[in-house]
Amino acid sequence: MLIFTRAIVTGGSSGIGAALVNILLRAGVEVIALSRTVADFSGHEQAENLWQIPCDITNEEQLAAAVERISEKWDYCDVLFSNAGFGISGTVVSTEKSQMIKQFDVNFFSAVSLIQKCLPLLRKAKKPRIVVTSSVAGEISIPYQSFYSASKASLNMLALALNTELASDEIKVIAVMPGDCQTGFTDNREKNPETWACYERSEARSIKKMEKDERAGYSAEFVAGRLFRYARKKRPKALYGVGLSYRLLLVAYKIFPIRLTGWVVSKMYG
Ligand SMILES: NC(=O)c1ccc[n+]([C@@H]2O[C@H](COP(=O)([O-])OP(=O)(O)OC[C@H]3O[C@@H](n4cnc5c(N)ncnc54)[C@H](OP(=O)(O)O)[C@@H]3O)[C@@H](O)[C@H]2O)c1
């Protein structure tokens, strides 16, 4: 397993990102965390190793300024955890273009921009890693969360392509796909209030089910532990599921005919 000394984490203020910050600090890693709000880590024994920079990652100027400040402090960074994200829900037919753009802006375009900006710092590390928090929904398209699914599928494609593009720099890019996890993600989901009457009942039923599953999901600490573990692997894969049940689900989704998997998904979320 690799040993890191410096890590950047986006979305470190809550949920999986906050749990990851705790794990990294406990492991003696210096951490710089970016999110719009600053969280209270003052009780942590290694709190002096954490620097939180308030930053909306969708704001190019704020992001550029944050990375500039990091570059003034650090001459290299071992690992970038691009973890910030959120979800929207609603039918495809009634989702406004502005909401689709917002979904992709936070989850995908800002992750790309962050990676671009942090690349000079990563290239100076010995075994650099980029870890993006994707989702099982990036492989298995979830009805009424199609734009969330699409944004996470885009991250998976990004990780696969970057592994080739950055091979000469020995940078490994890993997309980690958690399933349901108990965090503020569920309450922070932006639900589209507009819907066609004919889809109203199935949409409401589906969202209720996904919320129930998330609230009963893995702990943020468990998922964050996996992010840290995969990042430290000497020869990591480009894509990882999190937890045995989701890893089996992802394998089944690849093996079984698409008609069958589509039927199962529509039984679960239709
Ligand atoms: N929870 C699940 O079931 C689940 C499952 C699979 C994947 N994921 C993924 O896991 C990642 C972490 O989510 P979570 O579950 O830990 O939810 P969370 O508790 O809501 O955390 C989301 C984090 O992203 C940050 N963030 C959101 N928009 C941002 C912006 N514009 N600029 C900067 N930071 C921003 C938030 O910080 P501020 O609000 O302070 O900006 C927060 O720290 C996300 O990418 C999510 O898609 C979650």
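The values are calculated or read from the model by the stated rules, or taken from the named source; none is laboratory data. Please read these numbers as outputs of a predicted model, since none were measured by experiment. Positions of Cβ are backbone-derived with ideal geometry, glycine not excepted, and every protein chain shown enters the neighbour counts.
Side notes on the structure shown:
- Scanning region 65-78 for residues that are within 16 Å of the ligand (Cβ to nearest atom) and either closer than 17 Å to ALA175 by Cβ or touching a residue at least 60 places away in the same chain (Cβ under 8 Å) (or both) yields one hit, ILE70.
- Residue match in region 91-109 (condition: more than 13 Å from the ligand (Cβ to nearest atom) and surrounded by 23 or more Cβ atoms within 10 Å (Cβ to Cβ)): no
- Unmet criterion (only one of (1) closer than 30 Å to LYS208 by Cα; (2) not in a helix (DSSP H, G or I)) for ALA125: (1)
- For region 232-244, a residue qualifies if it is within 11 Å of the ligand (Cβ to nearest atom) and in a strand (DSSP E or B), and exactly one does: GLY241.
- Residue count for region 208-224, restricted to those that are in a helix (DSSP H, G or I) and crowded, with 19+ Cβ neighbours inside 10 Å: 5
- Residue list for region 174-196, restricted to those being within 17 Å of VAL242 (Cβ to Cβ) and outside any helix (DSSP H, G or I): ILE174, ALA175, VAL176, MET177, PRO178, GLY179, ASP180, CYS181, GLN182, THR183
- From the list TYR199, TYR230, the one residue that fits, being crowded, with 16+ Cβ neighbours inside 10 Å, modelled with pLDDT of 95 or more and out of contact with any helix residue (DSSP H, G or I) (no Cβ under 6 Å at 6 or more places or on another chain), is TYR230.
- When ILE115, ILE171 are screened for being within 16 Å of the ligand (Cβ to nearest atom), farther than 29 Å from ALA252 by Cα and surrounded by 18 or more Cβ atoms within 10 Å (Cβ to Cβ), only ILE115 passes.
- Hits in region 29-70 - residues which are closer than 17 Å to ILE16 by Cα, hydrophobic (A, V, I, L, M, F, W, C), surrounded by fewer than 19 Cβ atoms within 10 Å (Cβ to Cβ) and out of contact with any Pro (no Cβ under 7 Å at 6 or more places or on another chain): ALA39
- Residue within region 9-23 that is farther than 19 Å from VAL131 by Cβ and either in contact with a helix residue (DSSP H, G or I) (Cβ under 8 Å, 6 or more places away or on another chain) or more than 9 Å from the ligand (Cβ to nearest atom) (or both) present: no
- Residue check for GLY43: more than 9 Å from the ligand (Cβ to nearest atom) and on the phi > 0 side of the Ramachandran plot: no
- Lone qualifier among ARG229, ARG201 - being away from the ligand (no atom under 11 Å from the Cβ) and either assigned to a strand (DSSP E or B) or more than 22 Å from the chain's Cα centre (by Cα) (or both): ARG201
- Per-region count, region 61-108, residues part of a helix (DSSP H, G or I) and of a type outside the set (Asp, Glu): 21
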